[in-house]
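Data block below; observations after.
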Amino acid sequence: MQTILGANGQIGEELARELKRNYTSDIRVVSRKPQKINDTDEIFSADLSIKEKAIEAVKGSEIAYFTLGLPMNSELWEKQFPVITRNVIDACKINKTKLVFFDNTYMYPQNDDVLTEQTPFAPIGRKGKVRKEMAEMLLKEMNSRQIEAVICRAPEFYGPGKTQSITNTLIFENIKADKKIKVLLSADKKRSLIWTPDASRATALIGNTPDAYNQTWHLPVNKNHLTYKAFIALASEVYGKELSYTVIPKIVFQIASLFNKKMKELLELLPRYGYHNLFDDSKFRKRFPDFVITTYKEGMVQIKNEQFS
């Protein structure tokens, strides 16, 4: 059995579909209010902040995938994420279950440096510090061989369905609403974006590759690191109309954050939009040369078709 912890987000849903397509029909989906993604899925309701529930959720599983997300709330992250991570690690150790940990880049420096699996953690802000704590908690267990685990790390998403990201919110949702696109800080910095179904396919592949464990892997992104200016120009071709955008300067967010909690939560992520954000996935490409990465145009066409179907 393979178990997905936090199965009802976009990554978890795509992961369940990919596991069913190519690896196993014996899948358990776990969340507080789980729903089947495939007809054959076993659903299991659990609050993973309770250790006994985490142990029960993982029981009988060969592999567990940690894809759980929380709302963008620093206080909630500090309270919940380390506890949940500790519980999941312990549950996997007790049940002798492999752990595939789906991670983001919040713990990395926000500058022009190319990001590799060896990039030292240098988080900015509370949420980045939490993600650093979570990753280091697991790395400590991996390094001491207390658990067989692997970290799969992804940069910012764009994608179909209920993909949640700044790119989806400020670009594709505004296109759908026929509103002007918004870009944070600069339209001229190159960015690495990952198509959410690619992220899930790559995670399933790594999870089912025995020699991939006890390592960190950067998941595959489009080789062509576009600026938002170029990304929007490509979207104009796909949508068949000239798409205009406006660049929002940092001062606007600083002022808005005084009155808007969501804006305040976004502030610590803002610096990365003022720099090139280049995510190196060469390790993955070398190990899995046959993996087909979705082009930006292919992804945009799928989002457009979904929006206007």
Which condition does P71 not pass, out of (1) modelled with pLDDT under 95; (2) in contact with a Leu (Cβ under 8 Å, 6 or more places away or on another chain), if it passes all the others? (2)
Picked from the stretch 240-278 (must be of a type outside the set (K, R), in a helix (DSSP H, G or I) and over 16 Å from I166 (Cβ atoms)), the residue nearest to the chain's Cα centre (by Cα) is Q254
When every residue in the stretch 75-99 that is touching a helix residue (DSSP H, G or I) at 6+ places or on another chain (Cβ under 7 Å), crowded, with 16+ Cβ neighbours inside 10 Å and among the aliphatic types (A, V, I, L, M) is compared, the one nearest to T3 (Cα to Cα) is L99
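Please find, among T246, T295, the residue that is farther than 29 Å from A212 by Cβ and in contact (Cβ under 8 Å) with a residue 24 or more places away in the chain. Outline the logic, then answer.
Details: T295 fails: farther than 29 Å from A212 by Cβ.
Selected residue: T246, the only one of T246, T295 that is farther than 29 Å from A212 by Cβ and in contact (Cβ under 8 Å) with a residue 24 or more places away in the chain.
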Which condition number does L258 fail, the rest of (1) surrounded by fewer than 18 Cβ atoms within 10 Å (Cβ to Cβ); (2) modelled with pLDDT of 95 or more being met? (2)
Among the hydroxyl-bearing types (S, T, Y), crowded, with 18+ Cβ neighbours inside 10 Å, within 25 Å of the chain's Cα centre (by Cα) and at pLDDT 95 or above, is that true of T203? yes
Residue within the stretch 12-30 that is part of a loop (DSSP other than H, G, I, E, B), under 28 Å from F121 (Cα atoms), within 15 Å of the chain's Cα centre (by Cα) and among the small types (G, A, S) present: no
Confirm whether S257 is of a type in the set (G, A, S), in contact with a helix residue (DSSP H, G or I) (Cβ under 8 Å, 6 or more places away or on another chain) and without any contact (Cβ under 8 Å) to a residue 60 or more places away in the chain. yes
Show the residue pairs meeting these rules: Cβ distance below 7 Å; 6+ apart or different chains; first residue within the stretch 15-34 and among the polar types (S, T, N, Q); second residue part of a helix (DSSP H, G or I) and surrounded by fewer than 22 Cβ atoms within 10 Å (Cβ to Cβ). none
Looking only at the stretch 37-74, how many residues end up being loosely packed, with under 14 Cβ neighbours inside 10 Å, more than 22 Å from I147 (Cβ to Cβ) and free of Cβ contacts under 8 Å to residues at least 12 places away in the same chain? 2
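Can you say whether M142 is in contact (Cβ under 8 Å) with a residue 60 or more places away in the chain and hydrophobic (A, V, I, L, M, F, W, C), as far as the supplied structure shows?
Spelling it out, M142 is indeed in contact (Cβ under 8 Å) with a residue 60 or more places away in the chain and hydrophobic (A, V, I, L, M, F, W, C).
The values are calculated or read from the model by the stated rules, or taken from the named source; none is laboratory data. Computed from a predicted structure; not experimentally measured. Note: ideal-geometry Cβ built from the backbone for every residue, glycine included; neighbour counts use all protein chains shown.
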